[in-house]
Structure formats: C-alpha cells, structure tokens
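Below is one structure, written out as structure tokens; the observations come after it.
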Amino acid sequence: MPHDMISLRRIRYLVAISLVLIVAFAVRLVDVQAVRAAGYANRADSELAKKSIILAPRGAITDINGVEFARSVISYRILVDQAIVDYPKKLASLAAPILDMKESELLPLLIGDRRYVVINKSVKPAVWRNLEESIDSYNAAIMETENGFSKRLSGFFAERIYAREYPEGELGAAVVGFVNQEGSGAAGLEYSMNSTLAGVNGEYTYSNAGGTIIPGTQKITAEERKGNTIHLTIDRDIQWVAQEAIMKAVKKARALSGTVIVMDPATGEIIAHATYPSFTPGKTQGVDPYRWKNPSVQEVYEPGSTGKVVTFAAAMEEGKVEPETVLTVPYKLKRSIKVFKDHDPHPVLRLTLAGALAQSSNTASIKEFE
C-alpha cells in the first residue's frame with residue numbers, strides 16, 4: 001500500500017478520535033454547567049458553608065432611678081488555630097504580655113493540630129485590639145526584609161461574646177445575684193428571673209476555607225434579641241445606707257449574719273434590702289456559697305408573730321371581732337399535751353384585739369379564735 005495512503009488513514013483516524021473526545025467533553029460540560037449545575041453548587045455550598053451563633057446580651061438590672069446593678073458589655077473570647085501557627089515561640093513571646101500570661105503557659109497552647117483552642121475566655125475589646133495591632137505591626141515590619149512574607153505570624157482569632165459586669169460591687173449583691181461561666185443565672189434575681197433577663201441568640205452563616213472565614217460571605221439568618229431589663233424599686237443610695245447599717249450591727253453583735261429591709265408603707269415597695277456578710281458578684285471563686293443566699297427570702301423561718309396577724313385579720317374578715325373587742329388573756333393555756341405561753345409572765349389580762357396584737361399574745365390568738 002502506498003505510504004501516502006497509510007498516512008491519510010492515520011490522519012482520518014486521529015481526526016475521528018479527536019471529534020469523539022470533543023463531543024464527549026462538550027456533553028460533559030453541558031452536563032456539569034447546565035444539567036447538574038444546581039446540584040454541584042449546592043454540594044459546594046454545603047461543604048463550604050458553616051453556621052455560627054450570634055450571642056445575645058442579657059438585660060440589665062437597675063435601681064428605681066436606672067442606676068445599673070448588673071449589665072452586659074461586649075467582650076472577646078481569644079482563640080487560636082494551631083494548624084496555621086508557623087512560629088509558635090515568636091508568637092508566644094509577642095502575645096503573652098498582652099494576654100497577661102507567661103510565655104511558658106501560652107506556648108503549649110499554640111502547638112498542635114487543633115483548629116479551635118480557647119486561650120482566654122473573656123477579655124476587654126482593648127486587649128483584642130492591642131493583640132491584633134501588635135501582630136499586624138510585626139508582620140508589616142518583617143515584610144520589608146528578605147522573604148519576610150514567609151515569616152508572618154498568624155493563628156489568633158476572636159469571638160465576640162458578652163461579659164456580665166456589676167458596677168456597684170457588693171451593693172445589693174444578695175438581691176442581684178450573679179451568672180455562672182456559661183452566662184446563666186446562678187443566684188439572686190439573675191437566677192430567679194433568668195428567662196426574662198436572657199436574650200435569644202441569633203445565627204449567621206459563612207463560607208469557610210481552611211478554617212478561615214471568607215470575607216464577604218457572612219449572612220445573618222436570625223437576628224439576636226437582647227434580654228429584658230428589670231427595674232427594681234430599690235433606691236441605690238438608701239440601699240447603701242442600709243448595707244452600712246447592717247454591717248455595723250452584725251459586727252457589733254458578733255452575729256453570724258443580719259438582714260435589713262426598708263419598705264415604703266404607702267405602697268409596699270421595697271426600697272432597700274441589705275444582707276451582711278455579702279460577696280462581690282463576678283468574684284465568687286473561693287467564696288462560701290452560703291453568702292450567695294438572701295436569708296430573708298431563702299431561709300426557712302417559723303411564722304412567729306406574723307401568724308398572729310393573719311389569724312386576727314381572718315377573724316375580723318369573718319366578722320367575729322372588731323379591733324375594740326375585749327379579750328380575756330391568760331398567761332398560759334394547755335391544749336392537749338402542750339402548754340402555750342406568752343413571752344413574759346403576766347396575770348389574766350383584759351385586752352382589746354388591737355392591744356393583744358400589739359403585745360403579740362400567743363394565748364389571745366389561740367383562746368379567742370380556736
């Protein structure tokens with residue numbers, strides 16, 4: 001067969017194969033870009049897309065004039081991605097003083113392959129800004145040197161959170177209480193009114209590449225809602241006077257504890273509620289948990305004289321007696337196997353209902369209304 005005939009067949013064969021490949025690539029391209037485009041896009045989004053929580057601040061606790069006993073302020077949780085830390089020793093020496101840590105304490109936290117390591121649970125915004133600026137300044141300086149880009153420091157990032165502050169310290173601590181490390185109420189109003197004070201967290205999505213948020217991909221899917229503020233009837237200034245008074249009284253009497261409550265008799269509003277000994281909210285580590293209590297509302301007491309008030313009031317409501325009704329009041333009464341007495345010995349007395357209540361007579365409340 002002539003040589004030129006063989007060459008022509010080879011050319012036709014190669015052209016045919018090329019056409020088949022082109023058609024196959026075209027079909028595949030149409031399949032990827034048109035037929036299955038939405039599916040591939042969704043798959044890519046699912047692999048890159050991440051969700052994160054937007055923490056909501058708690059509501060404040062204020063006195064009657066709006067003075068804050070408790071409030072939430074922006075703070076930052078400092079974290080490190082060990083996988084992108086190239087120069088741990090240098091990073092530790094730079095960051096440790098800013099984070100108020102020892103280099104020997106920080107260095108082990110920078111080495112490894114964990115992507116999420118908590119370095120500090122809560123720092124003020126100024127600390128995070130200082131850390132960012134210090135790292136940026138260092139990186140800018142070394143980029144001017146030979147191969148400086150390869151020596152850049154990286155690894156730290158932060159999450160915005162909220163820290164609970166108690167501006168008035170011990171003032172009203174037994175009433176206000178405090179929150180635990182998870183941010184939930186642990187004592188006082190912070191605990192009993194937790195559902196009111198706690199906000200509703202939001203949520204946002206973002207695209208993630210190698211553990212880093214891709215700028216511009218953040219999208220809020222649910223807005224956070226701040227918790228409700230609680231306005232107390234307590235007056236901060238009167239509370240301070242009451243707290244000083246009960247502290248001096250307890251120390252003078254060498255008592256275990258004491259409580260003073262100041263009420264507006266016209267409205268029944270509590271304008272001061274002080275207990276001693278007390279504590280400082282937010283600084284409860286190592287403090288006896290008994291101090292966290294508000295004894296006047298959390299301890300169990302026998303009714304005592306308050307029971308007589310209820311008894312006399314019930315008798316008056318039923319129309320059995322009036323305040324001027326005269327009662328015969330002995331010093332002691334035996335009922336079944338129990339003998340009840342008044343607090344001080346006395347002969348048989350003739351007292352009005354008001355007089356018996358004024359003297360807090362046990363026998364009067366038993367004898368006349370049994």
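No value in this document is a laboratory result; all are computed from the given coordinates. These numbers were taken from a predicted model, which means no experiment stands behind them. For neighbour counting, all protein chains shown are included, and Cβ atoms are generated from backbone atoms with ideal geometry for every residue, glycine included.
Restricted to segment 342-353, and to residues that are within 54 Å of the chain's Cα centre (by Cα) and surrounded by 13 or more Cβ atoms within 10 Å (Cβ to Cβ), which residue is nearest to SER305 (Cα to Cα)? Filtering segment 342-353 for residues that are within 54 Å of the chain's Cα centre (by Cα) and surrounded by 13 or more Cβ atoms within 10 Å (Cβ to Cβ), the one nearest to SER305 (Cα to Cα) comes out as ASP342. The listed residues are VAL310, VAL250, VAL300, and the only one of them that is among the aliphatic types (A, V, I, L, M), surrounded by 14 or more Cβ atoms within 10 Å (Cβ to Cβ) and more than 24 Å from PRO167 (Cα to Cα) turns out to be VAL250. Among the residues of segment 281-313, the ones that are within 26 Å of ASP342 (Cα to Cα) and in contact (Cβ under 8 Å) with a residue 12 or more places away in the chain come to 7 in all.
Let's see how each residue does on (1) within 30 Å of GLY66 (Cβ to Cβ); (2) surrounded by fewer than 16 Cβ atoms within 10 Å (Cβ to Cβ):
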{"residue": "VAL85", "(1), (2)": "no, no"}
{"residue": "LEU106", "(1), (2)": "no, no"}
{"residue": "GLY112", "(1), (2)": "no, yes"}
{"residue": "TYR116", "(1), (2)": "no, yes"}
{"residue": "PHE156", "(1), (2)": "no, no"}
{"residue": "ALA174", "(1), (2)": "yes, no"}
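Selection of segment 265-280 for residues being free of Cβ contacts under 8 Å to residues at least 40 places away in the same chain, small (Gly, Ala, Ser) and closer than 13 Å to ALA174 by Cα yields only ALA272.
Among the residues of segment 245-265, the one identified as in a strand (DSSP E or B) and hydroxyl-bearing (Ser, Thr, Tyr) is THR259.
Residues in segment 322-332 that are surrounded by 14 or more Cβ atoms within 10 Å (Cβ to Cβ) and farther than 13 Å from GLY355 by Cα: PRO330, TYR331.
Whether a residue is of a type outside the set (D, E, K, R), within 30 Å of ILE220 (Cα to Cα) and assigned to a strand (DSSP E or B) was assessed, and VAL127 does not pass this test.
When residues of segment 227-244 are filtered for being part of a helix (DSSP H, G or I) and touching a strand residue (DSSP E or B) at 6+ places or on another chain (Cβ under 6 Å), how many remain? Within segment 227-244, residues that are part of a helix (DSSP H, G or I) and touching a strand residue (DSSP E or B) at 6+ places or on another chain (Cβ under 6 Å) number 4.
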